[in-house]
1. Explain nothing, just compute: Karplus ³J(HN,Hα) = 6.51 cos²θ - 1.76 cosθ + 1.60, θ = phi - 60°, for every residue of segment 133-140 in order, whole Hz, x for Gly and Pro.
2. So which trypsin sites (Lys or Arg not before Pro) in segment 99-151 end up in coil per DSSP with only 10 or fewer other C-beta atoms within 10 Å?
3. Report Rg (one decimal) and Dmax (nearest whole number) for segment 43-94, counting Cα atoms only, units Å.
4. Please state the relative contact order of segment 43-94 as a whole percent: Cα pairs under 8 Å, 6+ residues apart?
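Values in this text are rule-based calculations from the coordinates and carry no lab data. Just so you know, these numbers come straight off a predicted model, no measurement behind them. Positions of Cβ are backbone-derived with ideal geometry, glycine not excepted, and every protein chain shown enters the neighbour counts.
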Amino acid sequence: NEIAFQKVVISGVDAAAPSSQLRAAAVRHKRAILLHTGLRVKSTSFDHFSETLASINEDTIRTVCDRVASGDAVHPNSADEAKILSLLNEVNAVAGKVPCSSASRVAMRNEIRGLIMEKGLPTFYLTINPADVYNPVLKLLAGNNIDVDKLL
């Protein structure tokens, strides 16, 4: 199946970049997908997984793939589709090293959760420092004549 280039998010490339850079980025992204994607299941559930996968019709798999690719909410219409969706839940974290994949986002979230457990919640400080050249309140306080009604 082909995926339109506009639907693929490639990190590290500006959208206004020349087409040669966009093509090179697309090739790098596809290479990462091919190198780091594989079916991984727990060894304890491998037999069940392989038997279930072998028992499903290829056309049903293609139908579910098309529905998922189009962005539709997938609800099983048959027992085979329910099997496919349960298998998808087991292999969700397959592409953890592929940039911008959902599995890589899950891995990053888990890493952040681990850091929070180890080091505690992050503390953010925000200091608001408006540019006094453009801030009308500061100009008014400095003694400039400013029409406040005009600002509102």
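1. Running phi through 6.51 cos²θ - 1.76 cosθ + 1.60 with θ = phi - 60° gives 6, 10, 7, x, 5, 5, 5, 5 Hz.
2. On the way: sites: R105, R109, R113, K119, K139, K150; in loops: none.
Hits after loop and neighbour filter: nothing returned.
3. 11.2, 33
4. Details: 21 pairs, mean separation 19.4, N = 52.
After rounding, I find 37 percent.
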